[in-house]
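Trainee: For reference, the structure I am asking about is given below.
The values are calculated or read from the model by the stated rules, or taken from the named source; none is laboratory data. Because the structure is predicted, anything quoted here is derived from the model rather than measured. Because the Cβ atoms are built from the backbone with ideal geometry, glycine has one as well, and the counts that use them run over all protein chains shown.
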Amino acid sequence: MPRRRVRLAAPDDVAIAAAFAELRESLRVPTGFPAEVLADAEASIRSPRLPDADETAISFVTIDPPQSMDLDQALHLERRGNGYRVRYAIADVGAFVTPGGPMDNEAHERGQTLYAPDGNTRLYPPQISEGAASLLPDETRPALVWDMQVDDTGEGIEVVVRRALVRSREKLDYASVQRSLDDGTASESLQLLREVGTLRQEREARRGGITLPIPEQEVDKGPNGYTLRYRAPLPVEGWNAQISLMTGMGAAELMLDARVGVLRTLPKA
């Protein structure tokens, strides 16, 4: 699901950093990883379980905040007849994590990544989440590749998923992608992201879905304490979120067909 994060306007502010460090300590938020977890991470990097399929010829790109290094999603879109082919690669952390091993047990203990204005408390050590498993540009990485056929109305008509090697071509950020779309210099894949994303937003509205345009928040220190500043999301953030949501819907359909998994459902609008 789309997430809006709270960020520091002045990341080097010592007072703010100290305040958040004190808050993490009071809430018993872990600040590092045990030695056995770090050793497990290093060992897994040397011997990952890589897939046989190779999708490195696909020109995937990532779109994230500029400072992000934990790049876990990449996309590529192309026209297919009157519709579209959308490929969405999700970083395959499972290629590095052994069930029941130190990293797996630590991740279960943590439960989820915690996002704070001055940094994140991650499920996995940074050499995995920001290194070996991250879909960094010009690096071959294992991924779960969702291959979706979409018709000219934005309806998903077929979905296939498999493990494969991928290679991102560029690490893009939302602001630069929006500028390239606005001035007409964006690649065909990014232009189709706008096209498919808009179609999916229209379908969402017709079925009674709700998207909350939650602004990104920045913590800033003022003369009378701390204040929040707000940044409205760019259109491309909504289009990108629609591809993520479509992937989740495709996953739900596969689970229903196979009669496996647990789905969270909501009452009809």
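Trainee: Can you spot a residue in the stretch 199-215 that is farther than 19 Å from residue 88 by Cβ, outside any helix (DSSP H, G or I) and hydroxyl-bearing (Ser, Thr, Tyr)?
Mentor: Checked the stretch 199-215: no residue is farther than 19 Å from residue 88 by Cβ, outside any helix (DSSP H, G or I) and hydroxyl-bearing (Ser, Thr, Tyr).
Trainee: Hey, does the stretch 166-183 have a residue that's touching a residue at least 60 places away in the same chain (Cβ under 8 Å), among the β-branched types (Val, Ile, Thr), surrounded by 15 or more Cβ atoms within 10 Å (Cβ to Cβ) and closer than 15 Å to residue 234 by Cα?
Mentor: yes
Trainee: Quick check on the stretch 147-172: of everything there that is touching a strand residue (DSSP E or B) at 6+ places or on another chain (Cβ under 7 Å) and not in a strand (DSSP E or B), which residue is farthest from residue 246 (Cα to Cα)? Walk me through it before giving the result.
Mentor: Within the stretch 147-172, the first condition is being touching a strand residue (DSSP E or B) at 6+ places or on another chain (Cβ under 7 Å), and the residues that meet it are 147-152, 156-172.
Subsequent filtering for residues that are not in a strand (DSSP E or B) retains 151-152, 169.
Details: 151: 13, 152: 15, 169: 23 Å.
Within the stretch 147-172, the match that is farthest from residue 246 (Cα to Cα) is 169.
Trainee: Hey, any hits in the stretch 220-233 for a residue that's modelled with pLDDT of 95 or more, farther than 30 Å from residue 49 by Cα and not in a helix (DSSP H, G or I)? So that I can check it myself, show each step before the final result.
Mentor: As a first pass, look at the stretch 220-233 and keep what is modelled with pLDDT of 95 or more: none.
No: the stretch 220-233 contains no residue that is modelled with pLDDT of 95 or more, farther than 30 Å from residue 49 by Cα and not in a helix (DSSP H, G or I).
Let's see how each residue does on (1) within 13 Å of residue 213 (Cβ to Cβ); (2) surrounded by 12 or more Cβ atoms within 10 Å (Cβ to Cβ); (3) over 14 Å from the mean Cα position of the chain (by Cα); (4) touching a residue at least 12 places away in the same chain (Cβ under 8 Å):
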{"residue": "227", "(1), (2), (3), (4)": "no, yes, yes, no"}
{"residue": "230", "(1), (2), (3), (4)": "yes, no, yes, yes"}
{"residue": "233", "(1), (2), (3), (4)": "yes, yes, yes, yes"}
{"residue": "249", "(1), (2), (3), (4)": "no, yes, yes, yes"}
{"residue": "258", "(1), (2), (3), (4)": "no, no, yes, no"}
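Trainee: Count, please, the residues in the stretch 93-115 that happen to be in a helix (DSSP H, G or I) and among the aliphatic types (A, V, I, L, M).
Mentor: Restricting attention to the stretch 93-115, the residues satisfying the condition of being in a helix (DSSP H, G or I) are 93-95, 102-110.
Checking which are among the aliphatic types (A, V, I, L, M) leaves us with 93, 95, 103, 107.
Residues meeting the conditions: 4.
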